[in-house]
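Peer 1: Structure provided below as structure tokens; questions to follow.
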Amino acid sequence: MHKEIYYRIALNKTEGLGKSTIKQILTAAGSAQNVFEYPESWRMKLQNRKRCAMDIHLTDKIKSLVDRELWLMEKHHVHFCHYLDLQYPQRLKRCIDAPVSFYYKGPGEFNSARMLAVVGTRNATSYGVKSLTKILNELKENNIVTVSGLAYGIDTVAHEESLNLGITTIAVLGNGLHTIYPSSNKQLSDRILENGGSLVSEFDFDTGPDRMNFPARNRIIAGMADAVLVAESGTKGGSIITAHIANSYNRDIFAIPGTIFDEMHAGCHDLIRKNIAGMVTCGKDLLEMMNWDSAPKSVQRQLFPDLTEDEDHIYQFLLHGKKNIDEISEHCAQFSPSKLAGLLLTMELKGVIFALPGKSYSIEL
């Protein structure tokens with residue numbers, strides 16, 4: 001697998017290849033290693049697509065870049081997640097502009113059953129802080145994972161209060177993992193890791209916090225979650241952009257209302273007025289609208305006559321008890337990683353199986 005990671009990073013370092021092109025090539029080749037070592041295996045399939053039929057070589061420059069990236073990853077305990085991996089966030093994978101890969105620190109639990117993105121202004125008011133704290137407190141018993149951007153203001157409150165309440169939280173950065181931005185949140189980022197959360201970045205390790213990176217960061221926040229909660233915002237800014245991105249992904253959007261005398265709440269009111277966001281004033285509102293107000297019930301096999309043969313093969317294996325992803329992969333060796341990930345996601349959406357901590361699955365929650 002180490003060799004495959006090497007080639008995956010090398011493909012990312014190849015100039016002139018966009019996300020869409022890389023995905024097309026990987027789909028045709030089956031692996032990054034095949035892209036470089038067996039070029040004819042995929043060029044023939046893409047011969048009518050000029051950009052995809054280009055020569056791709058492992059040059060000395062690319063080797064140097066990959067060697068450095070791997071060295072930094074090992075030195076700083078950074079992991080690499082690729083869209084062919086079962087661990088890749090399956091919600092994000094369904095987004096057309098999902099990153100081919102990203103780096104992360106922490107356990108990398110990206111496919112929990114209930115994922116809530118929380119965004120808002122960097123200039124949070126006491127009202128915004130109190131409102132968000134109240135709602136998170138009312139959600140704490142519902143196995144929700146929060147996702148935010150580690151920025152000043154609402155993002156910081158979302159991560160801090162999640163940690164205070166025992167809620168796992170994930171921070172998506174607009175820079176490489178070498179730097180925590182803002183620097184005042186370094187201790188917060190350490191707490192996230194210490195409490196089972198993760199730090200995520202699609203940027204190379206030493207990429208700085210350039211303002212152009214943050215819209216890209218926002219799409220990952222939106223794509224990783226089932227829903228986005230806009231806690232407090234004016235009519236412009238990153239949180240409103242994130243809400244519109246999430247809406248384009250068909251995610252549920254929620255907004256906390258505020259006073260009509262403060263422009264800092266105008267963005268939330270605008271989202272509600274345009275029927276982009278549902279209004280929430282308490283955790284119960286969000287739980288009911290997301291149908292998260294009750295724990296999923298265990299299922300009976302006869303309730304799912306529409307299981308395909310492949311799905312049933314996985315289901316029969318899980319009848320013996322909870323299995324982690326490595327055990328499932330070994331049992332289902334006939335499936336490619338991407339196909340197995342798709343099967344598991346489909347079965348989860350059907351309510352047949354449940355994703356559990358530790359990259360495990362079960363037919364009962």
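Peer 1: Need the C-alpha centroid separation for region 8-42 versus region 328-357, integer Å.
Peer 2: 24 Å
Peer 1: So, by mean Cβ neighbours within 10 angstrom, what's the order for 258-268, 158-168 with the highest one leading? Spell out each step's value before the answer.
Peer 2: Working: 258-268: 16.7, 158-168: 20.6.
Descending mean neighbour count gives 158-168, 258-268.
Peer 1: On a 0 to 90° scale, report how tilted helix 337-350 is relative to the longest principal axis of the chain, with both axes built from alpha carbons and the result rounded to the nearest 10.
Peer 2: The two axes meet at around 30 degrees.
Peer 1: I would also like to ask the following. Neighbouring Cβ atoms within 10 Å as the yardstick, rank S64, S329 fewest first. Don't jump to the answer; show the numbers that get you there.
Peer 2: On the way: S64 11, S329 15.
Ranked by crowding around the Cβ, least crowded first: S64, S329.
Peer 1: Report, as a whole number in µm² per second, the diffusion coefficient that Stokes-Einstein gives for region 2-75 at 37 °C and 0.692 mPa s using the Kirkwood radius over alpha carbon pairs. Don't skip to the end; give the middle numbers.
Peer 2: Working: Rh = 12.5 Å.
Stokes-Einstein gives a translational diffusion coefficient of 262 µm²/s.
Peer 1: Could you tally the net charge around H82, taking each other residue with its Cβ under 9 Å from the Cβ of H82, Lys/Arg +1 and Asp/Glu -1? Spell out each step's value before the answer.
Peer 2: On the way: positive: R8; negative: E4, D85.
Result for the local shell: -1.
Peer 1: Rg/Rh for the chain to two decimals, with Rh computed the Kirkwood way over all alpha-carbon pairs.
Peer 2: Details: Rg = 21.2 Å, Rh = 21.7 Å.
Using Cα coordinates only, the ratio equals 0.98.
Peer 1: Under a point-charge model restricted to the Cβ atoms of Lys and Arg (+1) and Asp and Glu (-1), what is the dipole moment magnitude of the chain relative to its Cα centre, in debye to the nearest 20?
Peer 2: Values: 40 positive and 42 negative charges, 153 e Å.
Roughly 740 debye for the chain.
Peer 1: What size of dipole, in debye to the nearest 20, comes out for region 1-48 about its Cα centre when the only charges are +1 on Lys and Arg C-beta atoms and -1 on Asp and Glu C-beta atoms?
Peer 2: Numbers: 7 positive and 4 negative charges, 31 e Å.
The dipole magnitude comes to about 160 debye.
Peer 1: Sticking with this structure for a sec: Using a simple charge model, +1 on the beta-carbon of Lys and Arg, -1 on the beta-carbon of Asp and Glu, nothing else, what dipole does region 136-238 show about its Cα centre, in debye to the nearest 20? All intermediate terms of the calculation are to be shown ahead of the outcome.
Peer 2: Details: 7 positive and 13 negative charges, 47 e Å.
Result for region 136-238 is approximately 220 debye, rounded to the nearest 20.
Peer 1: Starting from the eigenvalues of the Cα gyration tensor, five times each then square-rooted, give me the equivalent ellipsoid semi-axes of region 301-362, largest first, whole Å. Walk me through the numbers before you get to the answer.
Peer 2: Numbers: eigenvalues 52, 36, 24 Å².
So the three semi-axes of region 301-362 are 16, 13, 11 Å.
Peer 1: Sum up the charges of everything whose Cβ sits under 10 Å from the Cβ of G223, counting Lys and Arg as +1 and Asp and Glu as -1, but leave G223 out. Provide the component values of the computation, followed by the final result.
Peer 2: Working: positive: R91, K93, R94, R219, R251; negative: D97.
Residues near G223 contribute +4 overall.
Peer 1: OK, next. For region 1-120, what relative contact order do you get, as a whole percent, if you take Cα pairs closer than 8 Å and at least 6 residues apart? Kindly include the intermediate steps, with their values, before the conclusion.
Peer 2: Details: 100 pairs, mean separation 27.6, N = 120.
Relative contact order comes out at 23 percent.
Peer 1: Right, something else. Any of K23/K45; K274/K350; K3/K359; K284/K339; K19/K75; K23/K339 with alpha carbons more than 25 Å apart? Name them for me. Each step should come with its number before you reach the end.
Peer 2: On the way: K23/K45 13 Å; K274/K350 31 Å; K3/K359 23 Å; K284/K339 36 Å; K19/K75 27 Å; K23/K339 15 Å.
Exceeds cut-off: K274/K350; K284/K339; K19/K75.
Peer 1: Averaging the inverse of every distinct alpha carbon separation and then flipping it gives the Kirkwood radius. What is it for region 115-289, in angstrom units? Provide the component values of the computation, followed by the final result.
Peer 2: Values: mean 1/r = 0.0637 Å⁻¹.
By the Kirkwood definition, the hydrodynamic radius is 15.7 Å.
Peer 1: Using C-alpha positions alone, give me the convex hull volume of region 231-286 per residue in cubic angstrom. Write out the running numbers ahead of the final one.
Peer 2: Numbers: hull volume 3.8 nm³, N = 56.
Looking at region 231-286, the number lands at 68 Å³ per residue.
Peer 1: Rounding to the nearest 10 and keeping the result within 0 to 90°, find how far the Cα-based axis of helix 154-164 lies from the longest principal axis of the chain.
Peer 2: 90 degrees
Peer 1: According to the square roots a ≥ b ≥ c of the eigenvalues of the Cα gyration tensor, what is the shape class of region 164-234, taking rounded for a/c under 1.5, prolate for a/b larger than b/c otherwise, and oblate for the remainder? Each step should come with its number before you reach the end.
Peer 2: Details: a/c = 1.59, a/b = 1.08, b/c = 1.48.
Note, shape of region 164-234 comes out oblate.
Peer 1: Can you bin region 72-136 into rounded, prolate or oblate? Criterion: square roots of the alpha carbon gyration tensor eigenvalues sorted a ≥ b ≥ c, rounded for a/c under 1.5, prolate for a/b above b/c, oblate for the rest. Don't jump to the answer; show the numbers that get you there.
Peer 2: Values: a/c = 2.46, a/b = 1.78, b/c = 1.38.
Note, shape of region 72-136 comes out prolate.
Peer 1: Then there is this: Counting only C-alpha contacts under 8 Å and six or more residues apart, can you give the relative contact order of the chain as a whole percent? Before the final figure, lay out the partial values.
Peer 2: Numbers: 631 pairs, mean separation 51.8, N = 365.
In percent, rounded to a whole number, it is 14.
Peer 1: Another question, if that's okay. Going by alpha carbons, how many degrees (0 to 90, nearest 10) lie between the helix axis of 214-224 and the longest principal axis of the chain?
Peer 2: Helix 214-224 sits roughly 90 degrees off the main axis of the chain.
Throughout, read-outs are computed from the coordinates displayed, never taken from laboratory work. Here the structure is a predicted model, which means the values were calculated and not measured. Neighbour counts run over all protein chains shown; Cβ positions are idealised from the backbone, glycine included.
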